[in-house]
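The structure under discussion appears below in the form of structure tokens.
The values are calculated or read from the model by the stated rules, or taken from the named source; none is laboratory data. In this text the structure is predicted, and so the values were computed from the model without any measurement. Ideal geometry is used to build each Cβ from the backbone, glycine not excepted, and the neighbour counts take in all protein chains shown. What goes into the accessible areas is simple: the full protein's heavy atoms, side chains included, and nothing from ligands, DNA or RNA. Shrake-Rupley method; radii C 1.70, N 1.55, O 1.52, S 1.80 Å.
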Amino acid sequence: AVVSTQSTGGLNFLNQISSNAATKPITVAAQKQSEQRNEIFIDVVEKLNVTIERDGEVSRAEIHGSVRLKSFLHGAPDLRIMLNRDLFVGTCPPEYRKKGAIVLDECCYHKCVNRELFSSDRTLHFKPPLGQSTIFTYILRDKLKNPLPFRMAVTKTADPNLKELQLMMKLKCNIPSTRRCQSISLVIPFPYDLESVKSSDRTSTVSSASKRIVQWQVPYMDGNQEKQIKLKIKPLGDWPENPTSNIGPISLLFECQSYTCSDIHIKKLKVTEQRQNYLPYKWARSVSHGTNYIFRV
């Protein structure tokens, strides 16, 4: 969900709208600004590059994050986006590290951002350009503050008499129970052509995107939920010499609303303008995408 505020100060008037609110089209140049609703959308977006080995060990965990905005604000207001106070770049004092500070490996600012203010109190201060822009980008490697959204266990067995391979997959959603992941898709490549695929799960969709790829699609999973599926797979033609080898790696795509592995989030959002009774609508959300999330099997 997306948090909305309408005030001159902090977050004190909350509403809920659908997560696609920020897809509102950019203002058409020919349309007068006075006809547009006075509002701004702020997104904290994180793309996860993760590799999990057969034994469950995480060999790579990298976040590519960004703070994006879509502005329809009237006039020329000042915008202040206050992030976590325990956010550092490169290094941090030992007392903060012991408390679990967020330490970014790299970051980059939009040219309109006041960098000195960010260094002192973790505030992005700028005059927002009209339309879409990326104000702040960052990279965080390995030192994730929150758990990875998904873990998976895979068991492979082969029956040469039935000429059938069985895959048992258990997918666990590790986010808090108050959160939800959606548009979940697992892609499983095989080293040989497949004749047929049968599934034990009627609540999700299993399809063969090609002769060598099986796709398992789950509409959504709530935090702490588990999904289990058994696939019965018949190879095409002759029985492979070693049917359980060289399967995978399995790639996972998903979207998690209101959850980030870095724990970076907007603490306060303030819009100020010289005019009195300047009351813009402010929408803020955070979202994580599994764009390169790999399980080796």
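What the table below lists for this structure:
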quantity	calculated
Hey, Lys47 of a type in the set (Lys, Arg), touching a His at 6+ places or on another chain (Cβ under 6 Å), at pLDDT 70 or above and open to solvent by 50 Å² or more (accessible area, probe 1.4 Å) or not	yes
Filtered residue count, region 261-272, keeping only those that are more than 22 Å from Cys107 (Cβ to Cβ) and surrounded by fewer than 16 Cβ atoms within 10 Å (Cβ to Cβ)	1
All positions within region 110-139 that are more than 25 Å from the chain's Cα centre (by Cα) and among the small types (Gly, Ala, Ser)	Ser119, Ser120
Scope region 273-284; condition touching a Gly at 6+ places or on another chain (Cβ under 9 Å) and either loosely packed, with under 14 Cβ neighbours inside 10 Å or not in a loop (DSSP other than H, G, I, E, B) (or both); matching residues	Gln274, Arg275
Members of region 70-112 that are closer than 17 Å to Val45 by Cβ and free of Cβ contacts under 8 Å to residues at least 24 places away in the same chain	none
Looking only at region 58-109, and only at residues there that are of a type in the set (S, T, N, Q) and within 15 Å of Arg141 (Cβ to Cβ), the one that is nearest to the chain's Cα centre (by Cα)	Ser59
Single residue of region 247-260 satisfying the filter (assigned to a strand (DSSP E or B) and open to solvent by less than 40 Å² (accessible area, probe 1.4 Å)) that is nearest to Leu79 (Cα to Cα)	Gln257
Scope region 177-202; condition open to solvent by 40 Å² or more (accessible area, probe 1.4 Å), touching a residue at least 12 places away in the same chain (Cβ under 8 Å) and outside any strand (DSSP E or B); matching residues	Ser177, Thr178, Arg179, Pro191, Asp193, Ser200
Residue within region 69-78 that is surrounded by fewer than 16 Cβ atoms within 10 Å (Cβ to Cβ) and of a type in the set (Ser, Thr, Tyr) present	no
